[in-house]
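Below is one structure, written out as structure tokens, with a few remarks after it.
The values are calculated or read from the model by the stated rules, or taken from the named source; none is laboratory data. All figures in this text were calculated on a predicted structure; none of them were measured in a lab. Every residue, glycine among them, receives a Cβ derived from its backbone with ideal geometry; neighbour counts consider all protein chains shown.
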Amino acid sequence: MKKRFRFLEHTADAYIEAYGASLEEAFENAAAAMTDVMTELEKVEAKTEESFVVEAQDEPALLYSWLEELLLEFELKDKLYSRFEVSCIEETSEGFRLRAKAWGEKYDPERHLSKVGIKAATYHQMEILKEPKSVTLRFILDI
């Protein structure tokens, strides 16, 4: 199995590097890494499907907005997701749009060990590195 993400050294927050063969795959793996910061990713069952459309002025803002959208789902609806499919990231006249689906379930404190609470995604040290056959995202989650 190829590596999807890793945690980088940071003094106070969660610093993540997520990988993908495409920007879409890297965004999927960034979302999986965020869930893994909160709880054990493999214990979140893909029971229900949700659709998402996220828009932002540029790619870093799109990554920020995507992660914040998933955090809001947890904060407001107690939803955790373990599987992500970003079907497209497209440039629009206003900026960028992401269309995605996520599969998960309602948070269950009996089964979902609470690791760390995430306050927010941040722009601090955010990077989107594009190579011909790979994309690497680096971002910090405020915990």
Candidates 73, 55, 69 - the one that is among the charged types (D, E, K, R) and part of a strand (DSSP E or B): 55
Residues located in the range 25-71, provided they are small (Gly, Ala, Ser) and buried (at least 16 other Cβ atoms within 10 Å of the Cβ): 26, 30, 31, 32, 33, 56, 61, 65
Where residue 98 falls short, out of the listed (1) under 21 Å from residue 7 (Cα atoms); (2) modelled with pLDDT of 95 or more; (3) aliphatic (A, V, I, L, M); (4) not in a helix (DSSP H, G or I): (1)
Residue 117 vs. criteria in contact (Cβ under 8 Å) with a residue 60 or more places away in the chain, within 20 Å of residue 44 (Cα to Cα) and in a strand (DSSP E or B): no
Any hit, the range 72-83, residues being in contact with a Pro (Cβ under 9 Å, 6 or more places away or on another chain), among the aliphatic types (A, V, I, L, M) and crowded, with 17+ Cβ neighbours inside 10 Å: no
Residues of the range 14-47 satisfying the condition of being farther than 15 Å from residue 67 by Cα and acidic (Asp, Glu): 40, 42, 45
Members of the range 102-118 that are farther than 19 Å from residue 86 by Cα and within 14 Å of the chain's Cα centre (by Cα): 118
Filtered residue count, the range 107-119, keeping only those that are charged (D, E, K, R) and in contact with a strand residue (DSSP E or B) (Cβ under 6 Å, 6 or more places away or on another chain): 1
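Considering only the range 35-44, I want to know if a residue exists there that is of a type in the set (Lys, Arg) and either more than 20 Å from residue 4 (Cβ to Cβ) or assigned to a strand (DSSP E or B) (or both).
no
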Residue 14 farther than 20 Å from residue 113 by Cα, touching a residue at least 12 places away in the same chain (Cβ under 8 Å) and buried (at least 17 other Cβ atoms within 10 Å of the Cβ): no
Subset of the range 120-143 [part of a loop (DSSP other than H, G, I, E, B) and either among the hydrophobic types (A, V, I, L, M, F, W, C) or in contact with a strand residue (DSSP E or B) (Cβ under 7 Å, 6 or more places away or on another chain) (or both)]: 122, 124, 125, 126, 143
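Of the residues 140, 128, which is at pLDDT below 95, under 18 Å from residue 5 (Cβ atoms) and crowded, with 17+ Cβ neighbours inside 10 Å?
On the way: 128 fails: at pLDDT below 95.
The unique qualifying residue is 140.
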